[in-house]
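Student: Could you have a look at this structure, given as structure tokens, before my questions?
A short reminder: the numbers here are calculations on the coordinates, not readings from a lab. Note that the coordinates shown come from a computational prediction; the quantities given were computed from them, not determined experimentally. Backbone-built Cβ (ideal geometry, glycine too); neighbour counts: all protein chains shown.
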Amino acid sequence: MINQENNTRAFDAIASSTIDLWPDSWVWRQPANSALKIAWEKDLQVNLDSLDSKDLSLTFWWRNNYHPNEGRIKVSLKYNDHEMMALVPTYYHPGFYFNHNQGAFGQPADGIIPQDDSWHHLALTYDSYQYLLRLYVDGEEKKSFPYVWMADEEQPNGLEIKTELAGSEIDDLGVWEGIMTANKVKEIYLNSK
């Protein structure tokens with residue numbers, strides 16, 4: 001609910017929580033599809049019902065609208081104040097957080113995320129059977145790392161989108177209980193272009 005005329009806040013209910021958005025938070029990704037513009041120091045936090053799965057997937061479309069400079073956000077599934085599974089899309093050091101650990105999917109020369117101002121579909125999945133954390137970009141697996149999952153009492157209960165550098169936009173954010181296969185990631189990418 002956005003009231004453009006008097007520049008009031010917009011509120012959107014998700015899982016019994018409220019997201020506080022400002023009217024200028026919206027941009028157009030396609031003619032009939034708006035996306036969220038992430039602004040500096042306007043982080044979003046949502047309380048979630050505790051996720052009831054050891055297998056989790058996080059998907060979204062991301063665009064660096066600060067190109068050729070680096071735009072960067074952190075999209076996190078959190079347990080209280082701890083990043084349990086997070087993706088930090090960036091040209092230079094695409095990063096992640098997992099089970100109290102932090103790492104990078106690559107170095108600047110790796111080109112894991114294309115250096116442009118186009119929309120890119122990103123997916124971060126965790127397979128508890130194989131103990132693999134995987135990154136997909138535009139429907140293709142780019143990197144995977146072995147990690148052991150968190151303790152039973154630490155399933156994510158919150159979502160946070162935080163600005164790390166200016167200039168990012170996000171669309172079609174999905175949090176999935178269960179492992180998203182490579183075929184499913186590809187299907188979502190192709191069907192939401």
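Student: Return the equivalent ellipsoid semi-axes of segment 30-191 as a descending list in whole Å, where each equals the square root of 5 times an eigenvalue of the C-alpha gyration tensor.
Tutor: For segment 30-191, the ellipsoid semi-axes come out as 23, 18, 16 Å.
Student: If amide H atoms are built 1.01 Å from N in the plane of the peptide, which residues on other chains or at least 5 residues away come under 5 Å of the amide H of Lys142?
Tutor: Residues meeting the criterion, in which the H sits 1.01 Å from N, are Leu135, Tyr136, Val137.
Student: With the dipole of segment 30-191 worked out from charges on the C-beta (+1 for Lys and Arg, -1 for Asp and Glu) around the Cα centre, which of Ala86, Ile73, Ala151 lies farthest toward the positive end?
Tutor: Value computed over the given set: Ile73.
Student: On to the next question. By the gyration tensor of its Cα atoms, with a ≥ b ≥ c the square roots of the eigenvalues, what is the shape of segment 118-193: rounded for a/c under 1.5, prolate for a/b over b/c, or oblate?
Tutor: In terms of gyration-tensor shape, oblate.
Student: Please compute the modelled spin-label separation between Asp110 and Asp81, points set 7 Å along Cα→Cβ, answer in nm with one decimal.
Tutor: Going by the 7 Å Cα→Cβ label model, 3.0 nm.
Student: OK, next. R0 = 41 Å: FRET efficiency of Ser118 with Asp49, Cβ-based, nearest 0.05?
Tutor: About 0.75, to the nearest 0.05.
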